[in-house]
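Data block below; observations after.
The values are calculated or read from the model by the stated rules, or taken from the named source; none is laboratory data. None of the values given here were measured: they were computed from a predicted structure. Cβ placement follows ideal geometry from the backbone for every residue including glycine, while neighbour counts extend to all protein chains displayed. Side chains are part of the model used for accessible areas, which takes the heavy atoms of the whole protein and leaves out ligands, DNA and RNA. Shrake-Rupley method; radii C 1.70, N 1.55, O 1.52, S 1.80 Å.
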Amino acid sequence: MTLALSIAGVSVSYGQVAAVHSVGLDLERGTTATIIGANGAGKSTLLNAIAGILPMQGRISFFGRDIGDEKIEGRARSGLVLIPERRELFSSMTVEENLLLGGYTRRGEDGDQLAVVHDLFPRLKERRNQIAVTLSGGERQMLAMGRAMMSRPRVLMLDEPSLGLAPLIVRDILDTTVRLKEAGVSILLVEQNARAALAVADTAYVMENGQFILSGPARDIACNPRVAEIYMGQS
Ligand code: ATP
């Protein structure tokens, strides 16, 4: 078993206020791990710390290498890439221009990778000349994922990809994580939509008040009575 990402004893604070308390997580290569939890549980804070945007205490290793001292650019160059909750696109540029800007870390090979991204997201190929601001919410999320894929990530961290999307589209977007995984990417997926996230993930962590209160195979977590009651309603 190769660990793509491993963190241990990770704590993150905003000034005096602790938001994440000593959490540990292992992401096996070629799998999807999801972190579910309510608003304000600390999920985004943890992803931002892993990406190198926020300072943290604790240990972090990426494919066995300690990256605690690396800044965000170094982590991204190594292939640890975050798609933030606010899908930051270049609104006045076309779909294709957005994709090509995503490939900036590997100049010269962007044409090949564009074909890979078009295979993963045929919609982005169809809409390649459309201005990003005119895309639907689901298409914008696909573009954010496609753009991240242009930099050939080894681990992709997705912060609430389903945010603001209609239920049918949520399923569509989360299903694309399965294809990204097949393309060789390991995925760390933060979601409030527990039902949809647990359906596509291999392992799951439940976060409450900055700590993981439960973790295990996603199918076991989905059957946990507390998770079913609090995070998935009764249906
Ligand atoms: P959401 O799904 O609503 O984004 P979350 O689980 O991602 O929730 P975080 O955004 O990580 O939660 O927030 C965790 C805690 O840290 C919350 O109590 C939040 O108010 C606090 N927090 C987040 N950002 C800041 C900040 N910039 N300064 C101070 N406190 C913050």
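Residues in the range 56-70 that are in a loop (DSSP other than H, G, I, E, B) and crowded, with 16+ Cβ neighbours inside 10 Å were compared, and the one that is farthest from the ligand (Cβ to nearest atom) is F63. Inspection of the range 43-55 finds no residue satisfying the criterion of being more than 13 Å from the ligand (Cβ to nearest atom), outside any loop (DSSP other than H, G, I, E, B) and either surrounded by fewer than 21 Cβ atoms within 10 Å (Cβ to Cβ) or of a type outside the set (S, T, N, Q) (or both).
Among the residues of the range 55-80, which ones are of a type in the set (V, I, T), modelled with pLDDT of 95 or more and under 18 Å from the mean Cα position of the chain (by Cα)? I60, the sole residue that qualifies.
T31 meets the conditions (1) more than 27 Å from D175 (Cβ to Cβ); (2) crowded, with 16+ Cβ neighbours inside 10 Å; (3) of a type outside the set (A, V, I, L, M) in every case but one. The failed one is (1).
Inside the range 175-194, can you point out the residues that are within 16 Å of the ligand (Cβ to nearest atom) and out of contact with any Phe, Trp or Tyr (no Cβ under 8 Å at 6 or more places or on another chain)?
Going residue by residue through the range 175-194, those that are within 16 Å of the ligand (Cβ to nearest atom) are 188-194.
Scanning the range 175-194 gives L188, L189, V190, E191, Q192, N193.
Take the conditions in a helix (DSSP H, G or I) and closer than 15 Å to G37 by Cα and apply them to A228. Does it pass? Here the answer is yes, as A228 does meet what is asked. Among the residues of the range 71-94, the ones that are open to solvent by 20 Å² or more (accessible area, probe 1.4 Å), assigned to a helix (DSSP H, G or I) and of a type in the set (D, E, K, R) come to 2 in all.
Within the range 176-194, residues that are under 19 Å from Y205 (Cα atoms) reach partners that are charged (D, E, K, R) and within 16 Å of the ligand (Cβ to nearest atom) with beta carbons closer than 8 Å, at six or more positions or on different chains, in the pairs V190/K43; V190/D159; V190/E160; E191/E160; Q192/E160. Residues that are over 30 Å from T2 (Cβ atoms) and crowded, with 17+ Cβ neighbours inside 10 Å within the range 125-142 comprise K125, R127, A132, L135, G138, E139, R140, listed in sequence order. Tallying residues that are within 16 Å of the ligand (Cβ to nearest atom), surrounded by 16 or more Cβ atoms within 10 Å (Cβ to Cβ) and free of Cβ contacts under 8 Å to residues at least 60 places away in the same chain within the range 156-172 yields 3. Do we find a residue being more than 16 Å from the ligand (Cβ to nearest atom), at pLDDT 95 or above and open to solvent by less than 50 Å² (accessible area, probe 1.4 Å) anywhere in the range 8-21? So far as the range 8-21 goes, yes, one or more of its residues are more than 16 Å from the ligand (Cβ to nearest atom), at pLDDT 95 or above and open to solvent by less than 50 Å² (accessible area, probe 1.4 Å). When we screen L188, L174, L180 for residues that are within 15 Å of the chain's Cα centre (by Cα) and modelled with pLDDT of 95 or more, the only hit is L188. The set of residues in the range 220-235 being modelled with pLDDT of 85 or more, open to solvent by 90 Å² or more (accessible area, probe 1.4 Å) and more than 13 Å from A199 (Cα to Cα) consists of P225, R226, E229.
Taking the range 22-41 as the range and being within 15 Å of the ligand (Cβ to nearest atom), under 21 Å from K71 (Cα atoms) and within 16 Å of the chain's Cα centre (by Cα) as the test, only L25 passes.
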